[in-house]
Amino acid sequence: MQLQKGQTITTEITKLAFGGRGIGQLDDGRKVFVEGAIPGDKIECTLTKIKKNYAEADLVRIVAPAKNRIDAKCKHFDRCGGCKWQMLEYKDQLKYKEDQVREALAHTGGLADSADLVKPIIGCDYPWLYRNKMEFSFGNESKDDAEVRVGLHPAGRRVDVFDVEECFIGSEIAAEILLRVRTFVRDHKLSFYNHKTDTGLLSSLFIREGKNTGEIMINLVTCSSEFKHKKEFVELFQDLPEVTSIYWTAIKRKRGVPTQHYENLLYGKPTMEEELKRPDGTSLKFKISPQSFFQPNTKQAEVLYAEVLKAAELTGEQNVFDLYCGTGTIGLFCSNNAKMVYGIELNESAVKNAKQNMILNGIENAWFKAGNVDAKLYDIPAVPDVVIVDPPRSGLGEKVVEKVCGFDPKKIVYVSCDPVNLARDIKFFAERGYKLSYVQPVDMFPHTYHIENVALLVR
């Protein structure tokens, strides 16, 4: 009998795909991908997509749960689009992530010895309350809901918003701030921005926290150039000494034109300060503005960057290229072990922050330039001994790999958040004479499928 969309079937989940979905099997041998299912679950699911080689389905019910399935800690687990792996013990999450890195290297990278090349994953010492940045949205639960909600989007829904009453990856102080803002919005009968009608005020709320400094930045984002309750908004947090910066950001959207952000400092310092601790006991300070990128897990960022430093084996005599350097965190982290660090980053604001952070920490052996890595790589006034790359999720691509190899660096340290694209680029490097020494997975985001890796390539 031919399978049809909408048909309900029963299957047993045998593994997890990268992206977090469970994989079962149809009667004809095709794989079926199901959100919310884990290996060992026997489930009923409804087919939503049927292709020649695979199918996708929505979970209807768990007929028999896997032995290692646990109750999620968060009350919002069944509807939230965030921590999709809370039904797994943390040790099991780590195992699945490590397996997925090995599988990507074998299938995409063509590495038969992938099992030996992947080191045991480094997990978080405490896998809760780790995020230093939370973004909450304003909206309704549905078109029939008259209440303004302040929280997160349900899984698979980009418009609807539900009230977040607890979140175990943020922090207790962030939860308190969220509650105060929700009460403030309802007391003042403020509206939320509606994308369809291009009307309304409130867009989002950002809460950033210095996990090592205790400083907090609050940023209320509106889609209007007017906000009449600035004074009252600031007064909400006057009894919280941790709050050192309060911003109101007005954004302007126009079809075909990049979104413009107009930041208005309502209270406190223009930047929030955070610290990163190096393995040698020294620390780096970073000034973070509302639009700055900073690794969302401060404690695990220290672990990740320490692994980069370990792979590079710097002695103070090497020139280091830090490509896709962002705000310069990796390059500055390595600077006291390098002769000179040269960073390139597309985002001009991030490069400005990198230069400020260099000055803030009294670092003189670093150089940063704004521009596309592909176009500006030859502008660097040096030849690298070590190249560190931390590209976007899409990876480097063959063109950039070719240019990096043209410098003939002794080592390439590749930081990646996507094991499939990492494996693809490792294959490109291998075709040009570089050998993968190892891959070190680092879990930056417990209870999600995301995984960071540090790969060392040598010639």
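FYI, it's all coordinate maths here, none of it is from the lab. Computed from a predicted model, the values in this text were never measured in an experiment. Positions of Cβ are generated from backbone atoms using ideal geometry, with glycine treated the same way; all protein chains shown enter the neighbour counts.
Dipole magnitude of region 8-64 about its Cα centre, charges +1 at Lys/Arg Cβ and -1 at Asp/Glu Cβ only, in debye to the nearest 20?
Dipole size: approximately 220 debye.
Quick one: the Cα spread of the chain along its three principal axes, in angstroms, biggest first?
Result for the chain: principal-axis Cα extents of 66, 64, 43 Å.
In Å, what Kirkwood hydrodynamic radius results for region 20-65 from the alpha-carbon pair distances?
After inverting the pairwise mean of 1/r, the radius is 10.5 Å.
May I ask you to sort C167, C83 by Cβ crowding, counting other Cβ atoms within 10 Å and putting the fewest first?
C83, C167
If amide H atoms are built 1.01 Å from N in the plane of the peptide, which residues on other chains or at least 5 residues away come under 5 Å of the amide H of M444?
Distant-sequence amide H within range of M444: E452.
Measure of size requested: the Rg and Dmax of region 133-273, with Cα atoms as the atom set and Å as the unit; please supply both.
14.8, 43
Across region 149-165, in residue order, what do the Karplus-derived ³J(HN,Hα) couplings come to in whole Hz, using 6.51 cos²θ - 1.76 cosθ + 1.60 with θ = phi - 60° and x for Gly and Pro?
9, 10, x, 10, 8, x, 4, x, 10, 9, 9, 5, 9, 10, 5, 8, 9
Roughly speaking, what is the centre-to-centre gap between region 357-410 and region 86-116 when only Cα atoms are used, to the nearest Å?
29
Treating the beta-carbon of each Lys and Arg as +1 and of each Asp and Glu as -1, no other charges, what is the dipole magnitude of region 206-246 about its Cα centre, to the nearest 20 debye?
It comes to approximately 140 debye.
Between E313 and E275, 0.36 nm times their residue separation minus their Cα-Cα distance comes to what?
Computed gain between E313 and E275 is 11.4 nm.
Taking the Cα atoms of region 1-137, report the difference between the largest and smallest coordinate on each principal axis, in whole Å and largest first.
Rounded to whole Å, the extents work out to 50, 43, 32 Å.
Could you grab the Rg to Rh ratio for region 344-459? Cα atoms only, Kirkwood for Rh.
Rounded to two decimals, Rg over Rh is 0.98.
Quick check: Cα centre of region 289-337 to Cα centre of region 179-214, how many Å?
So the separation of the two Cα centres works out to 33 Å.
Could you give the dipole magnitude of region 133-273 about its Cα centre, charging the beta-carbon of Lys and Arg +1 and that of Asp and Glu -1, in debye to the nearest 20?
820
Provide the per-residue ³J(HN,Hα) series for region 448-456, in order, calculated from phi with Karplus coefficients 6.51, -1.76, 1.60 and θ = phi - 60°, each as a whole number of Hz, with x at glycine and proline positions.
Couplings: 10, 7, 5, 8, 9, 9, 10, 10, 10 Hz.
Please list 3J(HN,Hα) in residue order for region 193-198, calculated via the Karplus relation 6.51 cos²θ - 1.76 cosθ + 1.60 where θ = phi - 60°; whole Hz, with x for glycine and proline.
6, 9, 5, 5, 9, 6
With an 8 Å cut-off on Cα pairs and a minimum separation of 6 or more residues, tell me the relative contact order of the chain in percent.
So the answer I get is 12 percent.
Quick check: convex hull of the Cα atoms in region 176-234, volume per residue, rounded to a whole Å³?
Cα-based convex hull of region 176-234, divided per residue, equals 95 Å³.
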